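Where a number appears in this text, it was derived from the coordinates with a stated rule and is not lab data. Values in this document were obtained by computation on a predicted structure and should not be read as measured data. Please note: Cβ atoms are built from the backbone with ideal geometry, for glycine as well, and neighbour counts cover all protein chains shown.
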Amino acid sequence: MIREAKNAGFTDAHILSKEAVSKERLKLYPLFSVEFLDWLFAQFPEQELPVYLAHFRFTKPSL
Amino acid sequence: MDNPSQLKWTAEEAARLVRESYGSVVPQGLGVAESLYTPDEIAWLPESVTAYALGLGNPIRYADLQPGESVLDVGCGAGIDTFLAARKVAPTGIAIGLDMTPEMLARARANQKILGLTNVEFREGRMENIPLPDASVDVVISNGVLNLSTEKGQTFRELYRVLKPGGRLVFSDSVVNGQLPRAVLDSEAAFAG
């Protein structure tokens, strides 16, 4: 993500927040069934996804 | 997914998958909206907006939007972040919502009528080919959408193109720490969700 942004010309990259993803959080989303989430978390040791949710900020340089 | 070369779908197949998933989604209450936004932020929005909150974060909170600014919301869905942005940049600023899913755009436009907001517009299109002129917006926001593109290089070039010099891109998304198992990479639900 950051690589593609910098390749496009963006500068001043900041990660503004970062948090782990929990099954309880994903259960809120209608796109995921409980069965799918059970399967997904079972793919990983200790049932923890190697995924985090983050906010990013990039700047387009001024002229 | 941060490495498109690992995915089994072409760009068009991935877009179709996302469009079908989000076009047919049925809300399950307000849990997502309540987990991402404060009551003060969303109390003024009808359930036809908040029930379709499907983002991963709250980019408005970090975007520092000011009155008079122009904002593009990429992957706006039914419009929750677009409407929040419109309120921040009012009265002279404008919020533009972009989405490729016809059903979501229809909801967004209906929601705009319900809210009576005049500094909002919605456009249909792909983030890989944004229907806006060069250097036309002050801010681009997005909420859990950019990872749905399998052409991120092209997407970021488009985001860069439409921003004015000095403009900012503020977005939320998921990031993978390491490699995902093949079974997860090949899962349509994991990709589109």
Across all Cα atoms of the protein assembly as shown, Rg and the largest Cα-Cα distance (Dmax), in Å, are 17.2, 52
By how many degrees, 0 to 90 and rounded to 10, does the Cα axis of helix B:80-89 deviate from the longest principal axis of chain B? 40 degrees
What does the net charge come to around B:SER142 if you take all other residues with beta carbon closer than 14 Å to its beta carbon, with K and R at +1 and D and E at -1? -2
A student asked for the Cα radius of gyration and Dmax of chain B in angstrom ought to give 16.0, 49
Could you sort out which of A:LYS23/B:LYS88; B:LYS88/B:LYS113; B:LYS8/B:LYS113 sit more than 30 Å apart by Cα distance in this structure? A:LYS23/B:LYS88; B:LYS8/B:LYS113
The extension gain from B:ARG182 to B:GLU34, computed as 0.36 nm times the residue separation minus the Cα-Cα distance, is 50.0 nm
Simple spin-label model, 7 Å along Cα-to-Cβ: A:TYR52 to B:ASP134 in nm? 3.8 nm
Alpha carbon convex hull of segment A:2-59, volume per residue in cubic angstrom: 115 Å³
Tally the DSSP beta bridges in segment B:79-172 and give the antiparallel ones as a percent, rounded to 5. 10 percent
Ranked highest first by the average count of other Cβ atoms within 10 Å around their residues, in what order do B:76-86, B:171-181 fall? B:76-86, B:171-181
If you stretched the chain out fully between B:GLU124 and B:LEU17, how much longer would it get, using 0.36 nm times the residue separation minus the C-alpha to C-alpha distance? 36.8 nm
Residues of segment A:26-63 with amide N under 15 Å of a point placed 7 Å along Cα→Cβ from A:THR11: A:58-63
Given unit charges at Cβ for Lys, Arg (+) and Asp, Glu (-), the dipole magnitude of the protein assembly as shown about its Cα centre in debye, nearest 20, is 520 debye
Helix B:152-162 versus the longest principal axis of chain B: what is the Cα-based angle in degrees, 0 to 90, to the nearest 10? 20 degrees
How many Cβ atoms of partner chains, on average, are near each residue of A:41-52 if near means within 10 Å of its Cβ? 3
